[in-house]
1. Against the conditions (1) under 17 Å from residue 122 (Cα atoms); (2) modelled with pLDDT of 95 or more, where does residue 53 fall short? Just the number, please.
2. Could you pull out the residue among 35, 50 that is over 20 Å from the mean Cα position of the chain (by Cα), surrounded by fewer than 16 Cβ atoms within 10 Å (Cβ to Cβ), at negative phi and not aromatic (Phe, Trp, Tyr)?
3. Based on what the data block shows, is residue 211 in contact with a His (Cβ under 7 Å, 6 or more places away or on another chain), of a type in the set (Ser, Thr, Tyr) and either under 20 Å from residue 117 (Cβ atoms) or not in a helix (DSSP H, G or I) (or both)?
4. Can you tell me which residue within segment 89-117, out of those that are among the aliphatic types (A, V, I, L, M), in contact (Cβ under 8 Å) with a residue 12 or more places away in the chain and in a helix (DSSP H, G or I), is farthest from residue 149 (Cα to Cα)?
5. Among the residues of segment 206-254, which ones are among the small types (Gly, Ala, Ser), surrounded by fewer than 16 Cβ atoms within 10 Å (Cβ to Cβ) and farther than 30 Å from residue 169 by Cβ?
6. For residue 112, are the conditions met, namely being among the acidic types (Asp, Glu), buried (at least 21 other Cβ atoms within 10 Å of the Cβ) and modelled with pLDDT of 95 or more?
7. What pairs can you find where one residue is in segment 1-16 and over 25 Å from residue 142 (Cβ atoms), the other is surrounded by fewer than 11 Cβ atoms within 10 Å (Cβ to Cβ) and of a type in the set (A, V, I, L, M, F, W, C), and their Cβ atoms are less than 6 Å apart, with a gap of 6+ or different chains?
8. State whether one or more residues within segment 172-190 are in a helix (DSSP H, G or I) and modelled with pLDDT of 95 or more.
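The values are calculated or read from the model by the stated rules, or taken from the named source; none is laboratory data. Note that the coordinates shown come from a computational prediction; the quantities given were computed from them, not determined experimentally. Reconstructed Cβ throughout: ideal geometry from the backbone, glycine too, with neighbour counts over all protein chains shown.
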Amino acid sequence: MKMSPQQFLDWESKSITLLAMSGAGKTTLANKLPKDKWFHYSVDYRIGTKYLGEAILDNIKRQAMDVPFLKKLLLSDSIYIHNNITVDNLAPVSSFLGKLGNPEQDGLSLKEFKRRQALHFQAEVAALNDVPNFIHKAEDIYGYKHFLNDAGGSVCELNRSDVLETLAKNTLIIYIKIPPSLQQTIISRAKINPKPLYYREAFLDKKLAEYMDKHQCNSSSLISPDDFVSWVFPELFKSRIPRYQAIADQYGYTINANEVAKVTNEADFMQLIADAVAN
C-alpha cells in the first residue's frame, strides 16, 4: 500500500504491518499506542495458539511421558496439560521449534528439526494470510479503530510474494531498520542467550555445512545446540538485512529504530510514519 503523508494522516481506520528483526522495538512501540484504539495482532501468537497449538501440546506431552509419575497421571486422565501462550510470552512456540544438535543437550535430530521448521513455515504463512480477516473482525466485532500487525522476525525468510502482496494490499508496511550502532548489541545479546529460530532451509543447509567443517564434526547429532545458534545468529542477522530492505523498497516504507525509541505516544508514531511516507 502506497500513499501520500496527508493520505496517511487522513486515513480513518489505519492498518499497519511492522516488519523488523527481534530487538528492533516492535512490541515496545505497540505498547505505546492506546490499547482501546489499536488492535494488536501478533503473528507469533497466532502461530502458537491456532496453527501450532496441537503440535506444541503433543511435544510437551511427549516430554511428560518420559517422567513415570506424570506418565501414570496422564494415562489415567488425572491431569491435563494446557498452553499459556500470551503476546508477551511465546516460550511454548520457541520450545517447539527447538535447537539442532546433541540429544544429550536437548538437541533435535536434523530430520526432526527440519520437520518442525516446515510446520512453522506453514503456520507463519497461514497466520499472515489471516491479517485481512482480523482487520475486519477487529473493527466489526471488537470496535477497534486501528489495526497493528506485528509480523514477527522471520517474515523475510518465507520467499512468498503472494503473502507480501496480501499484506501490502491491506496494510501499510513499515520496516524498522536497525542502525549499525545497535546491530552489535542485538547480536551480542542473542549470542549470550541463544534462542530457537526459524531458518530458510537453503540458509540452514549452507551454514550447517560450514559449521561442521569448521568444527571438524561429521554428524549434526554431535553439535552443541547453543553453540550452533550462537555461531549462526550473526550470519542470519546479516542475511536478513537486505531481505527486509527489499520488502520495504517494493511494498512499503522504512523507519529507523533509533527514531522508534523516541516515540512516546500515538501522535509521535503517526508523525514518524508520515515522515517515512514523505521520504
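1. Tallying (1) under 17 Å from residue 122 (Cα atoms); (2) modelled with pLDDT of 95 or more, residue 53 fails exactly one: (2).
2. On the way: 50 fails: over 20 Å from the mean Cα position of the chain (by Cα).
Being over 20 Å from the mean Cα position of the chain (by Cα), surrounded by fewer than 16 Cβ atoms within 10 Å (Cβ to Cβ), at negative phi and not aromatic (Phe, Trp, Tyr) holds for just one of 35, 50, which is 35.
3. Numbers: in contact with a His (Cβ under 7 Å, 6 or more places away or on another chain): no; of a type in the set (Ser, Thr, Tyr): yes; either under 20 Å from residue 117 (Cβ atoms) or not in a helix (DSSP H, G or I) (or both): yes.
No.
4. 110
5. Applying the first criterion (among the small types (Gly, Ala, Ser)) to segment 206-254 yields 209, 219-221, 224, 230, 239, 246, 248, 252.
Okay, now just the ones that are also surrounded by fewer than 16 Cβ atoms within 10 Å (Cβ to Cβ), so 209, 219, 221, 246.
Scanning segment 206-254 gives 209, 219, 221.
6. Details: among the acidic types (Asp, Glu): yes; buried (at least 21 other Cβ atoms within 10 Å of the Cβ): no; modelled with pLDDT of 95 or more: yes.
The answer is no for residue 112.
7. none
8. no
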